[in-house]
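Rule-based calculations on the coordinates, nothing more; no lab input. Please read all numbers here as calculations on a predicted model, not as lab measurements. Please note: Cβ atoms are built from the backbone with ideal geometry, for glycine as well, and neighbour counts cover all protein chains shown.
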Amino acid sequence: MKAMTLNSFGGPESFELCDVPKPVPHAGQVLVRVHATSINPLDFQVRRGDYRDLVPLPAITGHDVSGVVEAVGPGVTMFSPGDEVWYTPQIFDGPGSYAEYHVAAESIIGKKPPSLSHLEAASLTLVGGTAWEALVSRAALRVGESILIHGGAGGVGHVAIQVAKAIGAKVFTTVREDNFEFARSVGADVVIDYRKEDYVAAIMRETSGRGVDVVFDTIGGDTLSRSPDVLAQLGRVVTIVDIAQPQNLIESWGKNASIHFVFTRQNRGKLDELSTLVERGQLRPHVGAVYSLADISLAHARLETPNNGVRGKIAIAVGPSAHLASADF
Ligand SMILES: NC(=O)c1ccc[n+]([C@@H]2O[C@H](COP(=O)([O-])OP(=O)(O)OC[C@H]3O[C@@H](n4cnc5c(N)ncnc54)[C@H](OP(=O)(O)O)[C@@H]3O)[C@@H](O)[C@H]2O)c1
């Protein structure tokens, strides 16, 4: 089968389209014909070598799959050939999804929501699972609470806004002004231009000095370290960003706050819950651009460029969906 392979770490040009053996499903595993994947910052972090201790070369990265079951290994009971499925491959444990076929444990695979195309489904698995884990499992966001979601036009952010609205929270978000309309279209109540206005001042003004119940940090650095400044009493900060520097989060103490660090984990339960929201019409990933597997280098270069004009996700069309690459969305 064809796979986009990394034989060395480096820039976007590091990918090589290679012929590699088609994987075989062992006990408890499912072989999936990949119809679509997508790209995440994790993929360019892997490509650059940020996780070189965890990723042996040659490597196939990629952390989203939407496709069709081709074969199942012994003991698999939930899936049969022909089923449409979606999942996030186990991170740092085996080949990823930039390939025509992928094998995964039955326990992390879900039935694809019927109303999503493969390109849409592959644009939701990792970011949706992350947003769900952050807001539902960790921050325990409740009806009537308020949340500040940083980076609301990004892959994780635009999905987190929709999950927060489905829960019944008031959503504040930081985006650049070009993305105000997009952020409102996915449910944001209050939009703040992070380049023109200090977000701490904006939140304190908009909440009459109370602050918000939850901050969801998708940016890190200064954005994370200042998050306690906008928390209400008993507030929660959830960050998904790899923290390179020690953070001064001392302001949290006086607010009885909690800080949650999330590194998304794979399981079918989260996918099934996301699927429920999708089928109720409360959640839909936005596919901002589509590239072919052969053009993965271009897709990486674009995702790494700030203000790249992409709202939501960059999807990758694979195999039977390949003709959809570069289609307008
Ligand atoms: N821990 C985990 O499990 C996990 C899972 C998923 C993602 N992540 C991490 O989460 C981060 C976001 O991922 P993603 O997939 O959402 O990336 P993405 O699709 O590239 O989105 C990032 C968004 O942040 C915006 N942004 C940049 N600087 C900002 C600032 N100072 N304030 C507000 N918004 C700003 C960008 O907008 P512009 O166009 O305006 O630049 C972009 O819309 C990455 O660091 C990723 O590695 C972690």
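Quick notes on this structure:
- Compared with the alpha-carbon gap, the fully stretched path from Asp53 to Val20 is longer by 9.6 nm at 0.36 nm per residue.
- With a cut-off of 14 Å between beta carbons, the residues surrounding Leu293 carry a summed charge of -4, where Lys and Arg count +1 and Asp and Glu -1.
- Taking every DSSP beta bridge that has both ends in the chain, the antiparallel portion is near 50%.
- ³J(HN,Hα), Karplus 6.51/-1.76/1.60, whole Hz, each residue of segment 102-111, x for Gly, Pro: 8, 10, 8, 5, 3, 5, 9, 9, x, 6
- Length gained on full extension, Ala140 to Arg280: 48.3 nm, using 0.36 nm per residue less the C-alpha separation.
- The residues neighbouring Ala153, those whose beta-carbon lies less than 14 Å from its own, together hold a net charge of +1 under the Lys/Arg +1, Asp/Glu -1 convention.
- For Val215, nonlocal amide neighbours, meaning residues 5 or more places apart or on other chains whose placed amide H falls under 5 Å from its own, are Leu148, Arg236, Val237, Val238.
- Among Gly155, Val318, Gly96 the positive-end extreme of the charge dipole of the chain (Cβ point charges): Gly155
- Phi angles of segment 313-320 translate, via the Karplus equation with coefficients 6.51, -1.76, 1.60 and θ = phi - 60°, into HN-Hα couplings of 10, 9, 9, 10, 8, 10, x, x Hz per residue; Gly and Pro are given as x.
- Under-18-angstrom lysine pairs by C-alpha in the chain, whenever the two are 8 or more apart or on separate chains: 5
- Linear extension gain, Met78 paired with Asn307, 0.36 nm per residue minus alpha-carbon span: 78.2 nm
- Overall, segment 220-329 carries a charge dipole of about 260 debye about its Cα centre when +1 sits on the Cβ of Lys and Arg and -1 on the Cβ of Asp and Glu, all other atoms neutral.
- Spin-label pair Ala27-Arg176: with each label point 7 Å from Cα along the Cα-Cβ axis, the two points sit 5.3 nm from one another.
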